[in-house]
Amino acid sequence: MRFNKNDKIGAYTVTFPHKQGTCAETYRVKDASGHTRFLKLIPYSKLRRNQLDDQGRVMEVEISRQLDHPNLCHMVDDGMLMLNGGQYAYLVTEFVSGETLSQHLTREEKLSVYEIKEISKAVLSALDYLHNRPVSIVHGGVNLQNILLSLVGELGDLKLIDFSHASLLNQKPAKPDLRQVNPFSLAPECFAGVNQVQSDLYAVGAMMYRLIYEEWPWFVDLSRVAEADRVDFLLAEREKPLAMPKLDLFEFDEQLANTIAKALNYDVEERFQTADDFIQAICGEVKIAPPKCRRKVQSDGSDPSESKRKSPRRCIKGEGFAAVAGMEELKTQLREEVIEPLTHPEEYARYGVTIPNGMLLYGPPGCGKTFFAKHFAEEAGFHFQCITPATLKSRFVNATQENIAQMFKEAEENAPTMIFIDEINELVPNRQSDVHEMSKSAVNEMLAQMDRTGERGIFIIGATNYPQMIDPAILRAGRMEKKYYVGLPDLTARKALFQLYLQNRPYDFGLDYDKLAELTHHFVSADIQLIVNKAALAALKSRSKITMDHLCKAIAAVKPSLDEKEIQRYEAMKTQIERRGEDKPKSKPHIGFR
């Protein structure tokens, strides 16, 4: 990212660097009035010819000027910058507190058919507006990542975002870059560079199919297909019948099945011609007959290709990050850097981005590393295995290696799985230190098992108070390459922790959470939980609600787990680890003969 927190981009102040893509960077910013906005920074050097108009202006910016619809983000401002000799455009829109449909699916096991209909109608409403402009606008990128669900509104309040692949209907055809788009949501004509109104409607049909069947229509693994052959391969797959087995889902009837199949017809003229027609079909206002395209629907509800179909991803239930107080930047970072690649590997594979294998949570004891890891697994929708070194280590020769191998085998059988190893420094100590040969063998086994775990649906989380004691090979790129410091909760986090620990207990109204947070400077999460427990016990004895007096007395009775010296030691440790990742050799060592 080119800008960090508090940097200026024109008249805007960065509050959070959001995401770095292949063609743009996005930021959460504040304007001069203090309003939160969303800013997209676009380097001209990375734009394709069809992303500029005849005057050399960025099409996404020019299209955004025209938008005025409740399901589309309103443009606030735009401008140009010169950075390091390069030219950049920036686009500022309203900020919507929400999550993408893709992120929502990582937390929810599955949407109901009613919810799928509501989302589809809102997207089609936005497309109907775009398609009926004086010159029709084709979005060209309807997919799960470009649908933003509001966290404070209804499903119908969603926003269709990202116009980086949008075009005007009168533009010349341009073939898509399959590394930048999801090929399974593209209509057949798009591969030839033709992008029209019905192409957007096809993408909505593909999205509905994905939400109901939990995989894209005509989905195939492209990783083993040469890049030059992928278009022919995909189009050959589209010639096959569309597999639509019957499902026992409430509101999933013949009408809806026919509606989706019509939207996915290979022949443009057999699809819906307008977004309004599509909406009427979803609402049942017009009856849709079985389409002329070939379609498999077995009378017994089975499908001969079902054995080849990937089983739906099984999610574990839980509150996810909602149960974790504070750590907002870390949560956002993990959603973007870890959860997205793990839950959508096919998207990242197109860009050649490696799926992460593991991460290390390090920091002082009692700051919630184990608690955070459990809810991280819930947020991602993965199975969760909590392991301690004592459950794997054995005094018998080779037994520890066998236990480690068995752990990974079980995780792969139940993939996607997150393996959380507490006090991981005990399991994989530095082999250069004075450790037993059996411990070195355990490290070797872990190294062997951790290679390419992301591709096997396994993600490793290690937690430790002593990261410097872990074997360096475990922490290198390709293994636990991501390292996150979980430190003392700040003022905002301490306030949220009190609210979290008190929410299901009988407490007095009017508690001053700000004062409680101020009184607990240098207290860790476990300390605050102990304070609330002590206050609750005192309230129980007096048969009253938990009051400020109870809490203040409990704070006075509990000493912080960490003293100033220990806190400084951990902060120095954090600085050292962060610098280690940034250090570059000042001069290259000599290699070969002199």
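The values are calculated or read from the model by the stated rules, or taken from the named source; none is laboratory data. All values reported here derive from a predicted model rather than from experimental measurement. Using ideal geometry, Cβ is built from the backbone for each residue, glycine included, and neighbour counts are taken over all protein chains shown.
Can you confirm whether residue 228 is more than 23 Å from residue 63 (Cβ to Cβ) and surrounded by fewer than 18 Cβ atoms within 10 Å (Cβ to Cβ)?
Yes: the conditions hold for residue 228.
Among the residues of the range 261-286, which ones are within 14 Å of residue 209 (Cβ to Cβ) and part of a helix (DSSP H, G or I)?
Answer for the range 261-286, where residues must be within 14 Å of residue 209 (Cβ to Cβ) and part of a helix (DSSP H, G or I): 261, 262, 263, 278, 282.
Taking the range 415-449 only, how many residues are of a type in the set (A, V, I, L, M), in contact (Cβ under 8 Å) with a residue 40 or more places away in the chain and crowded, with 22+ Cβ neighbours inside 10 Å?
7
Can you find even one residue in the range 261-275 that is within 29 Å of the chain's Cα centre (by Cα) and either exposed (fewer than 13 other Cβ atoms within 10 Å of the Cβ) or free of Cβ contacts under 8 Å to residues at least 60 places away in the same chain (or both)?
So far as the range 261-275 goes, no, none of its residues is within 29 Å of the chain's Cα centre (by Cα) and either exposed (fewer than 13 other Cβ atoms within 10 Å of the Cβ) or free of Cβ contacts under 8 Å to residues at least 60 places away in the same chain (or both).
Select, from 370, 391, 332, the only residue that is farther than 30 Å from residue 268 by Cβ, polar (S, T, N, Q), in contact with an Asp or Glu (Cβ under 8 Å, 6 or more places away or on another chain) and modelled with pLDDT of 75 or more.
So the residue among 370, 391, 332 that is farther than 30 Å from residue 268 by Cβ, polar (S, T, N, Q), in contact with an Asp or Glu (Cβ under 8 Å, 6 or more places away or on another chain) and modelled with pLDDT of 75 or more is 370.
For residue 60, are the conditions met, namely being in a helix (DSSP H, G or I), of a type outside the set (A, V, I, L, M), touching a strand residue (DSSP E or B) at 6+ places or on another chain (Cβ under 9 Å) and under 22 Å from residue 1 (Cα atoms)?
So residue 60 fits the description; yes.
Looking only at the range 30-39, count how many residues are surrounded by fewer than 13 Cβ atoms within 10 Å (Cβ to Cβ) and of a type outside the set (Ser, Thr, Tyr).
The number of residues fulfilling the criteria is 3.
Please determine whether any residue of the range 483-503 is surrounded by fewer than 16 Cβ atoms within 10 Å (Cβ to Cβ), more than 30 Å from residue 557 (Cβ to Cβ) and touching a residue at least 60 places away in the same chain (Cβ under 8 Å).
no
Quick grid of which residues meet (1) modelled with pLDDT of 95 or more; (2) surrounded by 13 or more Cβ atoms within 10 Å (Cβ to Cβ); (3) within 23 Å of residue 129 (Cα to Cα):
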position	(1), (2), (3)
58	no, yes, yes
69	yes, yes, yes
72	yes, yes, yes
82	no, no, no
86	no, no, no
90	yes, yes, no
93	yes, yes, yes
98	no, yes, yes
102	no, yes, no
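Just to be sure, is residue 42 of a type in the set (Val, Ile, Thr), crowded, with 19+ Cβ neighbours inside 10 Å, touching a residue at least 40 places away in the same chain (Cβ under 8 Å) and not in a helix (DSSP H, G or I)?
When the stated conditions are applied, residue 42 passes them.
For the range 520-535, give me each residue that is more than 22 Å from residue 322 (Cα to Cα) and surrounded by 19 or more Cβ atoms within 10 Å (Cβ to Cβ).
520, 535
Out of 470, 474, report the one residue that is under 12 Å from residue 360 (Cα atoms), of a type in the set (Val, Ile, Thr) and out of contact with any Ser or Thr (no Cβ under 9 Å at 6 or more places or on another chain).
Answer to the check: 474.
Look through 37, 48 and report the one residue that is more than 21 Å from the chain's Cα centre (by Cα) and in contact (Cβ under 8 Å) with a residue 40 or more places away in the chain.
Result: 48 is the single residue among 37, 48 that is more than 21 Å from the chain's Cα centre (by Cα) and in contact (Cβ under 8 Å) with a residue 40 or more places away in the chain.
Give the number of residues within the range 358-384 that are buried (at least 18 other Cβ atoms within 10 Å of the Cβ) and outside any loop (DSSP other than H, G, I, E, B).
Qualifying residue count for the region: 17.
List the pairs whose first member sits in the range 159-171 and is without any contact (Cβ under 8 Å) to a residue 40 or more places away in the chain and surrounded by fewer than 23 Cβ atoms within 10 Å (Cβ to Cβ), whose second member is in a loop (DSSP other than H, G, I, E, B) and among the polar types (S, T, N, Q), and whose Cβ atoms are under 8 Å apart, counting only residues at least 6 apart or on separate chains?
Hits for this filter: 169/136; 169/196.
Within the range 68-85, work out how many residues are touching a residue at least 60 places away in the same chain (Cβ under 8 Å) and under 16 Å from residue 162 (Cβ atoms).
4
Take the residues in the range 552-575 that are in contact (Cβ under 8 Å) with a residue 24 or more places away in the chain and more than 27 Å from residue 516 (Cα to Cα); name whichever of them is surrounded by the most Cβ atoms within 10 Å (Cβ to Cβ).
Step by step, filter the range 552-575, then rank; the result is 573.
Take the conditions modelled with pLDDT under 95 and surrounded by fewer than 18 Cβ atoms within 10 Å (Cβ to Cβ) and apply them to residue 49. Does it pass?
Taking the combined requirement at face value, the residue satisfies it.
Exactly one of (1) surrounded by fewer than 18 Cβ atoms within 10 Å (Cβ to Cβ); (2) under 14 Å from residue 165 (Cα atoms); (3) of a type in the set (D, E, K, R) is unmet by residue 54. Its number?
Residue 54 satisfies all of (1) surrounded by fewer than 18 Cβ atoms within 10 Å (Cβ to Cβ); (2) under 14 Å from residue 165 (Cα atoms); (3) of a type in the set (D, E, K, R) except (2).
Has the range 117-129 got any residue that is surrounded by 14 or more Cβ atoms within 10 Å (Cβ to Cβ), at pLDDT below 95 and hydrophobic (A, V, I, L, M, F, W, C)?
no
For the range 56-66, which positions are more than 20 Å from residue 11 (Cα to Cα) and touching a residue at least 60 places away in the same chain (Cβ under 8 Å)?
Passing the criteria: 59, 60, 63, 66.
Within the range 160-168, is even one residue among the aliphatic types (A, V, I, L, M), over 18 Å from residue 65 (Cα atoms) and out of contact with any Asp or Glu (no Cβ under 8 Å at 6 or more places or on another chain)?
No: zero hits.
Given the structure, is residue 407 assigned to a strand (DSSP E or B) and in the same structural domain as residue 465 (by TED's automatic domain parsing)?
Taking the combined requirement at face value, the residue does not satisfy it.
Among (1) surrounded by 14 or more Cβ atoms within 10 Å (Cβ to Cβ); (2) out of contact with any helix residue (DSSP H, G or I) (no Cβ under 7 Å at 6 or more places or on another chain), which single condition is residue 517 missing?
Of (1) surrounded by 14 or more Cβ atoms within 10 Å (Cβ to Cβ); (2) out of contact with any helix residue (DSSP H, G or I) (no Cβ under 7 Å at 6 or more places or on another chain), only one is false for residue 517: (2).
Among the residues that make up the range 537-546, is at least one of them exposed (fewer than 15 other Cβ atoms within 10 Å of the Cβ) and touching a helix residue (DSSP H, G or I) at 6+ places or on another chain (Cβ under 7 Å)?
Scanning the range 537-546, I find at least one residue that is exposed (fewer than 15 other Cβ atoms within 10 Å of the Cβ) and touching a helix residue (DSSP H, G or I) at 6+ places or on another chain (Cβ under 7 Å), so the answer is yes.
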